[in-house]
Ligand code: C2O
């Protein structure tokens, strides 16, 4: 095991896309930022130097942060943000996991341009020179799907929050920072991957888009999914991948088609009512060595609302039982929770109905009708560690009021429409096993919400449509080989059931990974108390932890 050290300089960068110069916040003057690679067992030390005009913090999405919660990164949850001109060093061990994760800013909308791949290679082991539970690929390639605005994203977010309406759609999607030739004025702004005929490649696909699930495809090539969210899956063959913001998907593909060039393409999957559909497509090109063709074969993606294809993909994946880092499903459940996820309303500032949200009000969002408010005087983890009262409360409800969650004609129900605001968490004992039913609501339109839990992987026991019914649906639980994830796309008008063990003390955020929903309050957190020994107790914070 080694110590791997990196420096991230957060600073302004001018980027040109779609014939427009835009100043963005970047890490090391590149978008995406640098790929960080470690081996399982290494210690990662990243010095973040904020030379930008904005507050920043960096989250290591999917990292367990065992006893290192101070390095998790969400602002006001585990740390105060790093102010302009200040620095913070993130230091943590990377253990018990391997595969594709990513890092991103966890302040306002800055993750649009401040993000990069975080690759955990298998622990080097001379006794096991063949590191993967699948044939060793000829080459590994991170594929980061992103979203681009011809505008300052912080302004886009703030305008939406101030008005109470939805933010402007992005202008393009990107593959490894390139928009592709399907947009106006972008002919040469395209990602190219050269391949050798007959060779097999591992694509480490990351959805870093802010607000859209994406279909992803390579023309004429079969994809074999071998991992999701840095957890190995049973190999699964498909011609299209769907990936929600926050998720990663590792696929193998073999360059076994006639020598030529082939488009790769990504475009939103949005099963939503009342949300403006962004139908733009980003493309890249896979070029076979020796190809002379100048017109790549087209990749035809599913329709934007093709829920059967998305659902089939998401539900057909299973975990690789007995593979590296496989964890069996805990069979004892200590705590059952039922959490609704969805949009709500907030009263228009003036009290009059003049805002651009539904019914002339403002958009809001909640978990179990509790709209999460981030503290701003101290981080929640500091409050936990030092026993400071008044930063958050531990009265998040184990279940919300019962109603017909997925009925789309209920929006007259004023009581449910307007969520309660607060910083409410659920207190868990060390090592408790928690099962959560995540139930989508349809009060304000129906939409798929990718729910991300910080600090843990969870087993995905089942997912389906309509209202969750414990008598009927508990029978569908996969307790044998479920997929293991850190981000679950809860189907529009449906539900998902997850289970995890609270084996890491601290404060852990759980939230919708659509960045438009986070400031609206679609979040909550868990407070996991310290265990009985030193090795189950959160150590004191690093001395350079930023001050509020
Ligand atoms: Cu990838 Cu809290 O986020």
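Structure above, values below:
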quantity	calculated
Length released on extending from residue 45 to residue 136, taking residue separation times 0.36 nm less the Cα-Cα span	29.9 nm
Percent of Cα pairs exceeding the 17 Å cut-off, where the set is segment 99-150	53
Efficiency of FRET between residue 20 and residue 161 - r from beta-carbon atoms, R0 30 angstrom, step 0.05	0.80
Shape category assigned to segment 429-469 from the gyration tensor of Cα positions, a/c cut at 1.5	prolate
Ascending count of other beta-carbon atoms within 10 Å, so fewest first, for 337, 510	337, 510
P(r) of segment 296-425 over all Cα-Cα pairs, binned every 5 Å from zero, in whole percent	2, 7, 11, 11, 12, 15, 15, 12, 8, 5, 2, 1, 0
Where Rh is the Kirkwood radius over Cα pairs, Rg/Rh for segment 331-375	1.23
Binned Cα-Cα distances of segment 500-548, short to long, each 5 Å bin given as a whole percent	5, 17, 18, 15, 19, 17, 8, 2, 0
Global geometry of segment 272-355, whether rounded, prolate or oblate, following the gyration tensor of its Cα atoms and the 1.5 cut on a/c	oblate
Ranked packing of 287-293, 160-166, most packed first, by mean Cβ within 10 Å	160-166, 287-293
Segment 197-256: proportion of alpha-carbon pairs further apart than 19 angstrom, %	27
Cα pair distances in segment 367-445, grouped into 5 Å bins until the bin that holds the longest one, percent each	3, 12, 20, 19, 17, 13, 9, 6, 1, 0
Distance in nm between pseudo-label sites at residue 35 and residue 315 (7 Å out along the Cβ direction from Cα)	3.5
Hull-based mean projected area of segment 224-331, where the convex hull spans the alpha carbons, in square nanometres	9.4
Alpha-carbon Debye profile of segment 360-509, log10 I(q)/I(0) at 0.14 Å⁻¹	-0.78
Protection proxy ranking, peptides 529-537, 118-126, average beta carbon neighbours within 10 Å, highest first	118-126, 529-537
Rough spin-label spacing in nm, given labels placed 7 Å along Cα→Cβ, for residue 544 and residue 331	4.8
Beta bridges per DSSP with both ends in the chain, % antiparallel, nearest 5	70
Compactness relative to 2.2 N^0.38 Å, alpha carbon Rg of segment 26-83	1.20
Value of D in µm² per second that Stokes-Einstein yields for segment 157-270, Kirkwood Rh from Cα pairs, at 37 °C (0.692 mPa s)	208
By average C-beta atoms within 10 angstrom, highest first, the peptides 89-99, 297-307	89-99, 297-307
Calculated over the chain: convex hull of Cα atoms, volume per residue (Å³)	145
Gain upon complete extension [residue 373, residue 465; 0.36 nm per residue less C-alpha separation]	30.2 nm
Rg/Rh ratio calculated on Cα atoms of segment 1-122 (Kirkwood radius)	0.98
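Just so you know, all these numbers are worked out from the coordinates, no wet-lab data involved. These figures come from a predicted structure and were not determined experimentally. So basically every Cβ, Gly included, is an ideal-geometry build from the backbone, and we count neighbours across all protein chains shown.
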